[in-house]
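Where a number appears in this text, it was derived from the coordinates with a stated rule and is not lab data. Every value quoted in this text rests on a predicted model; they were computed, and no experiment measured them. A quick note on method: Cβ atoms are made from the backbone with ideal geometry, for glycine too, and the neighbour counts reach across all protein chains shown.
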Ligand SMILES: Nc1ncnc2c1ncn2[C@@H]1O[C@H](COP(=O)(O)OP(=O)(O)OP(=O)(O)O)[C@@H](O)[C@H]1O
Ligand SMILES: [Mg+2]
C-alpha cells in the first residue's frame, strides 16, 4: 500500500525554490524612523535632480498629514518607525551576468531569471533590495528605439524631461498615505518608453524581490507606450521569509497613448509577513487599450486595485486577476475603472481562492462619467473557498452617471465539490492532487493569459499554497 | 481456474443513515463479463460507488476484496491504481482541466511510471478516432459542455486509455444515439480480454450485443436476488422485474 500512496514526483514542487535568503550586504542603511533629514540623505545618496529632492520633501509633508486608511483590512502590524526604508546592496549596476556577485546571482538563478531570459525575453531589470543590480536590454529591442532602464538612470538621462512630465502625475502623493510615502522614499524600478508605432514582439520583464530584513521596497515603474505602439511588460515578485513586518509600497504608472496597446502582467508572491500596499494606475487615450493580468500570492495583507482611466474615446481595458489567501492572510484586491470618454469599454474577470482561514475581499469600482455615452462594462468575480474557515467577500461599487451604458456584474462563490474530487480520485489521482487540479482549473482563465513559463510558475505557486500547512512567519 | 478479481461479501452500505445495500454478494473473476440489472433506485450505482470507495457511502458490514487484498477501507485513488475503474452514470465536469491533461496525469498515476508523451499522444488520437470523437475534444475542459452522449464516450475513452483490470460501466449506454451505442460497444469489445473483467450496469440490451455475457444479476432492494445467464436479458426486457421484486418481498 505504501508504494501506491506515493506522490507523483512530476507534480511535486520544490519548496526551497521560493523560500531562501542570502546574507545581507548593506552598504548603506538609514536610521529606522522617517524624517526630512533621512529623505534628504536618500536624495543626496541617489544624486537626485533638485526637483526630485523637493518632490520627496513635499511628499514627506503630505505623508505626515495623511492618516492610515481604515476602510480595509487592518494594518496595525505596521510600524513605520521600525522600518528601514532604504537598503542598497553593495553592487553597482551590472550589464553582464558573469559580473554579478555569486550569492546574489544564486538567488536570481533560483528564481530562474537568466533562464527566462534565454527563453527569448527581451530584457531583464532585476531589482535586488532597492537598487537595480542587473540590467540588460536585448539589442534588437534597443535598436527599435525602445528605452528600458532603471528609474534612477532615466531621471538623469536623455529622457529626464519625459520622466519629470509623467512622474507621479497619475498617482499623486496626495492620493493616500502610502502614495505620499512612496513619493518621499521611492527607489529603483523601471522606466520604459516605446516610441510611436513600435511593436515590441517579445515581452519585457523585470523581477523584483525584497531581501534585507525589515526593508521596505518602494520601486517606481513608469511606462509610456506612444501612439500606435505595443508592449507587453511583465513584473514578477518573490521574497524570502523574515520575522519582521515588511512593507511594500510600490507605484506603477502606465501611459497608453492614442491607438496604443499595453499588456501589463504581474505575478506577485510576497513573503507571508509583507504588507503590500501597492498603487497601480493606467491612463488610456483615444482608441488605446490596457490589459492587466494580475496574480496576487503571499503577503500578510494586500491592498491592490489597479485603476484604469479611459480618457479617450473608444479606449478599452481588460483586467484578469487572481488572488490566493491562505492562513493568516487578508488580501483585499480588485480593479477600478473610470470611463471618462464615450464608447469606452471595460471587462473585468477576477478569481479568488481562500484556504485555512484566509480572507479574500474583491473590491471593484466602475465609474461612468455623464458625458461618457455608449460605454460597456462587465465585471465577473468568482471565489472558491477551500474550507469553511476561510472567507470571501465581494464589494462592487458602481457609479453610472448616464443612462446609455451597458453594465453587467456577476459574482459567484463556490467550494470544491466532493463529487468532483471523488471522480478524479477514481482515476488514480491522490486527494491532494485532485484538489490541486480543481484549483488550477479554476485559475486556468488567468494562467492562460500568461506566457507559459509564468503560467507554470503560477501553477507551482498554487500547489505550494495548497500544500502549505506551516504557520505564518510573522511574529512582529 | 480463472483468477479472482472482485469478491464482495455480505455488504451493507448506507447513505445519510438510509441503508441502500443490504447484504450483497458478488464475485467476478478475470475474463468474465457480468451484467447487473434492476429497477431504478435499487442500489446499482451505489454498488459501483462503494466498490470504488466513495466516502459519501458508509459501509456498515461486509467486505470487498480485490485480487485477494482487502480494500474495504482503502482510499479511492489506491483502488483505482489497483485497476478498478468506473464509467460514471453522470460524469462530473471539471472546468479548466483539459481532457488530455487529465488523462495524462491519471495515466501516470495509475501506471506509476513516467509517461512516454509522444506515444501517449499518438495512442490518444487513435482511440479518439475509434470512438468517433473529434480530436479537438482533447483540448476541451473535462466534460464541460459535453452532451450526455459525449460524456459517456469520454468515459469509455478513459477506460481504453487506463486499461483497468475491472471496468464497471454504469449505464454507459443511456444517452447514446444508435450509432454511438454501436461505436461504444465496439470500444468495449476491444478492451475486453482474458485477464480483465466487465461489470455492466444497464437497462438496455443493445450495448451487450456482440459481447459474450457470462452472468446476469438481478439487483433489487439492495441485494442480488438472482443470478443467471444471458437468457435473463431477454426475459427482463419482456417481463420487467416484477417476478424478482415479488420474490424479494416474500
Ligand atoms: N448520495 C445520496 N444521497 C441520498 N440518497 C442517495 C444517494 N445515493 C443514492 N441514494 C439513494 O439510494 C437509492 C439507490 O440509488 P442508486 O443510485 O444506487 O440507484 P440505481 O439502482 O443506480 O438506480 P437507477 O437505475 O435509477 O440509476 C435511491 O433511493 C437513491 O435515492
Ligand atoms: Mg444508477
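Quick notes on this structure:
- Across the range B:153-198, the number of residues qualifying as away from chain A (no Cβ under 14 Å), within 16 Å of ligand 2 (Cβ to nearest atom) and buried (at least 19 other Cβ atoms within 10 Å of the Cβ) comes to 4.
- Cβ-Cβ under 7 Å pairs, at least 6 apart or on other chains, the range B:42-66 side in contact (Cβ under 8 Å) with a residue 24 or more places away in the chain and under 24 Å from residue B:30 (Cα atoms), far side within 14 Å of ligand 1 (Cβ to nearest atom) and part of a helix (DSSP H, G or I): B:64/B:51
- Unmet requirement for residue B:45, which otherwise passes all of (1) touching a helix residue (DSSP H, G or I) at 6+ places or on another chain (Cβ under 9 Å); (2) within 16 Å of ligand 2 (Cβ to nearest atom): (1)
- The range B:155-230 holds strands (runs of 3 or more DSSP E) entirely within its bounds, and those carrying 2 or more residues that are more than 16 Å from ligand 1 (Cβ to nearest atom) and under 13 Å from residue B:33 (Cβ atoms) map to B:166-170, B:197-201.
- Selection from the range B:99-117 of residues that are in contact (Cβ under 8 Å) with a residue 12 or more places away in the chain, within 9 Å of chain A (Cβ to nearest Cβ) and either crowded, with 18+ Cβ neighbours inside 10 Å or not in a loop (DSSP other than H, G, I, E, B) (or both): B:102, B:103, B:106, B:107, B:109, B:110
- Residue selected from the range B:15-25 under the condition in contact with a strand residue (DSSP E or B) (Cβ under 8 Å, 6 or more places away or on another chain), within 16 Å of ligand 2 (Cβ to nearest atom) and more than 14 Å from every other protein chain (Cβ to nearest Cβ), by the criterion nearest to residue B:199 (Cα to Cα): B:24
- Residue check, residue B:236 within 16 Å of ligand 1 (Cβ to nearest atom), in a strand (DSSP E or B) and in contact (Cβ under 8 Å) with a residue 12 or more places away in the chain: no
- Screening B:45, B:9, B:29 for residues that are under 16 Å from residue B:168 (Cα atoms), surrounded by fewer than 22 Cβ atoms within 10 Å (Cβ to Cβ) and more than 13 Å from ligand 1 (Cβ to nearest atom) leaves exactly one candidate, B:29.
- Number of residues in the range B:48-92 that are away from ligand 2 (no atom under 16 Å from the Cβ) and under 16 Å from residue A:429 (Cα atoms) equals 14.
- Of the residues making up the range A:326-347, those that are more than 17 Å from the chain's Cα centre (by Cα) and at negative phi are A:326, A:327, A:337, A:338, A:339, A:340, A:341, A:342, A:344, A:345, A:346, A:347.
- Here is the figure for the range B:12-26: residues that are farther than 28 Å from residue B:237 by Cα and away from ligand 1 (no atom under 13 Å from the Cβ) total 1.
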